[in-house]
Amino acid sequence: MAFRDRRELKGMAHYKLILAYDGTLYSGFQRQAIKNSVQATFEEALRELGWQGRAVIPSGRTDSGVHALGQVVSFSFDWRHSDFALMSALNANLPDDLSVQAVERVGETFHPRYDALKRTYRYQLYSRPTRDPLVDHFAWRLDTLPDLEKMNRAAEELIGEHDFSAFGKALKENGTTTREIFEAKWQRNEIGMVFWITGNAFLYHMVRRIVWVLVKIGLGNLPEETVRVGLETGSTGIVALAPARGLTLIKVVYPGDKDEAI
């Protein structure tokens, strides 16, 4: 949003920013005492501009090694210049593996997590005899690619509202494990295979455990009904996760966004 009237640039404003980052060298989004996090790195860049807030609020907390193209954060800031100037100033202070993609002024009640309607994640697979340095940070390398049709048949079971306790846990004690999935499908892409999953929200480790199960189904190591049985019984007995490197938070959708429709 452009603010041509300089009177609109005075005083505290609430901001919504979209961040992109390569999560390889980060311990995750959330600030940690002795580890390098996305949040701490971003907040340090903000403080260099005079921000004195306590903490930015994210749409979610990505795990160590997980990437993002559409992480959303919000904060209040007394910034006297344009939104573009804020984006430029922050990017000048940020490292090469973290950047601001968009800046928007929003109402002070906006909350990146609680106002979100849906979130989309991407997971990538590839198969090469040796690691590809240009791909390996962003995909899970396998000896052979799994059967696409098997994985998609199993993924169809995820669509709809279910108790996903077999695939993850709530972030809060006694929190609900019910989530609604709108899309879950595998496709071939230029490096191998890609999984797209969109839901209203996700449990801790939910996407990575789902991917691990689907890949094992596609490789013939698990029966195709594993997903259905897990949703029906609340347990698969599986604790393994797909590697973090293949996962990217693509976008978060809010009321009023052009792709708000479910």
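The values are calculated or read from the model by the stated rules, or taken from the named source; none is laboratory data. Remember, it's a predicted structure, so these values are computed and weren't measured experimentally. Every residue, glycine among them, receives a Cβ derived from its backbone with ideal geometry; neighbour counts consider all protein chains shown.
Brief remarks follow.
- If the condition is being touching an Asp or Glu at 6+ places or on another chain (Cβ under 8 Å) and either of a type in the set (Asp, Glu) or under 19 Å from Ile238 (Cβ atoms) (or both), then the range 182-218 contributes Ala184, Ile197, His205, Arg208, Ile217, Gly218.
- Apart from one condition, Arg61 fits all of (1) modelled with pLDDT of 95 or more; (2) of a type in the set (D, E, K, R); (3) closer than 30 Å to Gly230 by Cα; the exception is (1).
- Residue match in the range 136-144 (condition: out of contact with any His (no Cβ under 7 Å at 6 or more places or on another chain), within 18 Å of Ala242 (Cα to Cα) and loosely packed, with under 14 Cβ neighbours inside 10 Å): yes
- Residue within the range 106-114 that is surrounded by fewer than 15 Cβ atoms within 10 Å (Cβ to Cβ), aromatic (Phe, Trp, Tyr) and either part of a helix (DSSP H, G or I) or over 24 Å from the mean Cα position of the chain (by Cα) (or both) present: no
- At least 2 residues being at pLDDT 95 or above and under 18 Å from the mean Cα position of the chain (by Cα) is the threshold, and among the strands (runs of 3 or more DSSP E) wholly inside the range 122-239 those reaching it are 178-188, 192-199.
- Residues being touching a Phe, Trp or Tyr at 6+ places or on another chain (Cβ under 6 Å), closer than 18 Å to Trp140 by Cβ and touching a residue at least 12 places away in the same chain (Cβ under 8 Å) are entirely absent from the range 169-184.
- Cross-chain or 6+ apart pairs with Cβ under 6 Å, the range 227-247 first and without any contact (Cβ under 8 Å) to a residue 24 or more places away in the chain, then among the aromatic types (Phe, Trp, Tyr) and crowded, with 18+ Cβ neighbours inside 10 Å: none
- A Cβ distance below 6 Å, combined with a sequence gap of six or more or placement on separate chains, defines the contacts here; from the range 115-138, residues that are touching a residue at least 60 places away in the same chain (Cβ under 8 Å) reach residues that are β-branched (Val, Ile, Thr) and assigned to a loop (DSSP other than H, G, I, E, B) in the pairs Tyr126/Val135; Tyr126/Ile191; Ser127/Thr144.
- Some residue of the range 29-49 being at positive phi and in a loop (DSSP other than H, G, I, E, B): no
- Exclusive hit being within 18 Å of Tyr254 (Cα to Cα), out of contact with any Gly (no Cβ under 6 Å at 6 or more places or on another chain) and among the basic types (Lys, Arg), set Arg31, Arg61, Arg80: Arg61
- Restricting the range 51-62 to residues that are over 17 Å from Val103 (Cα atoms) and over 18 Å from the mean Cα position of the chain (by Cα) leaves a set whose member that is surrounded by the fewest Cβ atoms within 10 Å (Cβ to Cβ) is Arg54.
- Every pair of residues 6+ apart whose Cβ atoms lie under 9 Å, when the first sits in the range 39-61 and is closer than 13 Å to Ser74 by Cβ while the second is of a type in the set (Lys, Arg) and part of a helix (DSSP H, G or I): Gly53/Arg47
- Yes/no for Ala45 being crowded, with 18+ Cβ neighbours inside 10 Å, at pLDDT 95 or above, under 29 Å from Arg245 (Cβ atoms) and in the same structural domain as Gly23 (by TED's automatic domain parsing): yes
- Where Val72 falls short, out of the listed (1) farther than 30 Å from Tyr123 by Cβ; (2) surrounded by 18 or more Cβ atoms within 10 Å (Cβ to Cβ): (1)
- Residue that is surrounded by the fewest Cβ atoms within 10 Å (Cβ to Cβ), among those in the range 174-229 that are of a type in the set (Asp, Glu) and farther than 17 Å from Lys118 by Cβ: Glu190
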